[in-house]
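Worksheet for the structure shown next.
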Amino acid sequence: MVGTQWGDEGKGKFTDLLAKEMSMVVRYQGGHNAGHTLVVDDETFALQLVPSGVLYDHIEPVIGNGVVVDPFVLLAELDMLNRRGIDTRNLRVSGNAHLIMPYHQQLDALQERHLGKSKLGTTKRGIGPTYADKATRMGVRVQDLLDEQIFREKLAAALSHHNKVLTKVFNRLPVDPDGLADKILGECLEPLRPHIADTTDLIHTALESGQHVLFEGAQATFLDLDHGTYPFVTSSNPTAGGACAGTGVGPRHIDRVLGIAKAYVTRVGAGPFPTELFDDDGDKMVDIGHEYGTNTGRRRRPGWFDAVMLRHAVRLNSLTDLAITKLDVLDTFETVKVCVGYEIDGVRTDKLPYHQSDLHDAVPVYEELPGWRTDLSSATEPRHLPAAAHTYLELIQDQVGVPISLVSTGPGRTQFLHLS
Ligand code: GDP
Ligand code: IMO
Ligand code: MG
């Protein structure tokens, strides 16, 4: 399952829904920059690191090697779930996942400050600096916790570099490697120990015995480090290919790729956004859709549905089908719009421009349809949708080129319908 826009499409809700039919739910990238919301009866769960299948007893939730893990955040999330009666003993964390250290978070915040007006608007969770350390082979992995000497050596080596940056570039105090090692080993090792595992082996064993495994993407296609609107992206690969690298499962095992798309678009943080709205329609989307970050509380930037981006997301992810979420948010609109192409320097194109400067100048070409002006929040079957809502979904489907299999009409677990 992958986000097809700029995040917050409702991946958590659909992971929770589809997990009913699965044995394992696996996060494959990102970290606690994600905020996945599940609403079950009157209870809301906002998850950052723990896979969204965790609410079911039959699910083995797995944090794959491609994820970056803040051990304090993970333990706090497990604690929160346990206090709310959720059994988390089944959770498994890859020994190969990299650890987010307090200095990564500090560097993330300092780098953003240094960028000033050009800042990316990161979540300041230390995601970028942790993946950077992974790439420069300066990272510390979950399995390093199990060998105190190695852990201390790696922390000391990383800090011999980062302390120079902290003190000489940013004029901050250095971090004491031994003090930090004492704190992490003292507070995190024992509670984490039973969860640390060879998750690649676990996933393959499950697949070999015919079980169904769901890979839960965090972030989204256009936040992808390689395929997104660089540099306004995250530092991992949320696209479907990331599920292979981030878990150790080859592409032939993946037989369905469900793209999650909002019925409109939102984006948090900086970066180009061709269909962004600065008018009353945008404010209405934010108000009705409660478009404020699950994680950071920031207002999400709103815009109309962009079929150009979605067509590109189909290619990048080999999407087999789509789930459209938050259709109910458009219930009161007189008319609704879908961006079907761009005009760039007066020339019409149906494809996402390769050169990003062109995306900054892209003027959306819209098809405008009458709104349905009906409360969809209790629609659970296709016949409950008015003709105008069907027409809107059909336009999206025709434009994007893959079937819409699911439609979500509210945050709750039961507020959805199967379309095909
Ligand atoms: P994720 O990051 O993709 O899991 O999405 P978030 O949880 O960050 O944001 C989606 C928000 O929309 C959450 O508050 C969900 O409870 C809510 N939501 C999901 N589906 C629907 C829907 O169909 N209608 C409405 N009104 N809210 C929804
Ligand atoms: P979910 O999984 C929306 C955005 C940040 C910023 C950029 C880089 O809930 O959809 P980072 O902290 O990752 O280095 O920030 O990516 N971003 C998200 N936006 N939803 C998310 O996750 C996001 N995770 C990161 O706002 O623009
Ligand atoms: Mg989110």
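Every read-out reported here was derived from the displayed coordinates using simple, explicitly stated rules and does not represent laboratory data. This is a predicted model, so every value here is computed, not measured. Cβ: placed from backbone, ideal geometry, glycine included. Neighbour counts: every protein chain shown.
From the alpha carbon centroid of the range 357-420 to that of the range 249-307 is 14 Å.
Please check which bits of the range 230-257 a label hung off L207 would reach, taking the label as a point 7 Å along Cα-to-C-beta and the cut-off as backbone N under 12 Å. Those under the cut-off are 243-256.
If both residues of a DSSP beta bridge must be in the chain, then about 45% of such bridges are antiparallel.
The 3J(HN,Hα) values that the Karplus relation (6.51, -1.76, 1.60; θ = phi - 60°) gives for the range 142-149 are, in residue order, 4, 5, 5, 4, 7, 10, 4, 5 Hz. Gly and Pro appear as x.
Against the longest principal axis of the chain, how steep is helix 307-317, in degrees 0 to 90 to the nearest 10, with axes from Cα atoms? Orientation of helix 307-317: about 40 degrees from the principal axis. Summing Lys, Arg as +1 and Asp, Glu as -1, what charge do residues with Cβ under 11 Å from the Cβ of D358 carry, D358 excluded? Charge balance near D358 sits at -2. Under 26 Å of direct C-alpha separation, and excluding same-chain neighbours fewer than eight residues apart, K168 reaches these lysines: K117, K119, K124, K134, K154, K183. Each residue of the range 251-263 was assigned a 3J(HN,Hα) from its phi angle through the Karplus curve 6.51 cos²θ - 1.76 cosθ + 1.60 (θ = phi - 60°); the sequence is x, 5, 7, 9, 10, 8, 10, 8, x, 9, 9, 6, 5 Hz, with glycine and proline shown as x. Angle check, please: helix 71-83 long axis (alpha carbons) against the longest principal axis of the chain (alpha carbons), in degrees 0 to 90, nearest 10. It works out to around 70 degrees. When peptides 58-67, 168-177, 244-253 are sorted by average Cβ neighbour count within 10 Å, with the highest value leading, the order is 58-67, 244-253, 168-177. What pairs from K284/K337; K13/K284; K20/K326 go past 18 Å between their alpha carbons? Checking Cα-Cα distances, K13/K284; K20/K326 exceed 18 Å.
One chain, two ends: H390 and L146. Fully extended at 0.36 nm per residue, the span grows by 82.3 nm beyond their Cα-Cα distance. Among 134-140, 28-34, 304-310, the peptide with the highest mean count of other Cβ atoms within 10 Å heads the list, and the full ranking is 28-34, 304-310, 134-140.
With respect to the chain, whose longest principal axis is taken over its alpha-carbon atoms, helix 102-115 is tilted by about 50°. Take 157-166, 214-223 and order them by the average number of nearby Cβ atoms within 10 Å per residue, most first; the result is 214-223, 157-166. Proximity of backbone amide H atoms, modeled 1.01 Å from N, is registered between T266 and W6 at under 5 Å, excluding neighbours fewer than 5 places apart on the same chain. Counted by Cβ distance under 11 Å from N90, the other residues give a net charge of -1, where Lys and Arg count +1 and Asp and Glu count -1. When each of W372, W6 is scored by the number of other beta-carbon atoms lying within 10 Å, the sequence from fewest to most is W372, W6. Taking each residue as 0.36 nm, the span from R193 to R315 lengthens on full extension beyond its C-alpha to C-alpha distance by 39.9 nm.
Counting helices only, and only those DSSP H runs with n ≥ 4, report the 222 nm mean residue ellipticity of the chain as the sum of -39,500 (n - 2.57) divided by its residues, in deg cm²/dmol to the nearest 500.
Counting only the DSSP helices, I get -9000 deg cm²/dmol.
Counting only Cβ charges, +1 for Lys and Arg and -1 for Asp and Glu, the dipole size of the chain around its Cα centre is about 960 debye. Label-to-label distance for R256 and D350 is 2.9 nm, based on points extended 7 Å past Cα in the beta-carbon direction.
With a cut-off of 12 Å between beta carbons, the residues surrounding S408 carry a summed charge of +2, where Lys and Arg count +1 and Asp and Glu -1.
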